[in-house]
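The block underneath contains the structure these notes are about, expressed in structure tokens.
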Amino acid sequence: MSKLDIATLLVGLSGAAAVTTGAALLHPAAGWVCGGSFALVWSYRTARAAAQKGQ
């Protein structure tokens, strides 16, 4: 994993955390929905990347 990959990962995680925190400040349930949505998208994309790497 290169430094650019690590930087991209950290920026993505901090961005997701910032959006989730902002949504939670508006309404606590919105924070949970937003965080769960990020988790589902992350899981889907990771599974697709792993499946393509295995081919």
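What follows is calculated from the coordinates using simple rules that are stated; it is not laboratory data. These numbers were taken from a predicted model, which means no experiment stands behind them.
Computed per residue of the chain from DSSP H runs no shorter than four, each worth -39500 (n - 2.57), the mean residue ellipticity at 222 nm is -32000 deg cm²/dmol.
Here the chain was treated as a single set of alpha-carbon atoms; its pair distances binned every 5 Å from 0 give 4, 19, 18, 21, 17, 10, 7, 3, 0 percent. For the chain, take the longest principal axis of its alpha carbons; what is the angle in degrees between that and the long axis of helix 3-26, to the nearest 10 within 0 to 90? Result, in degrees: 20.
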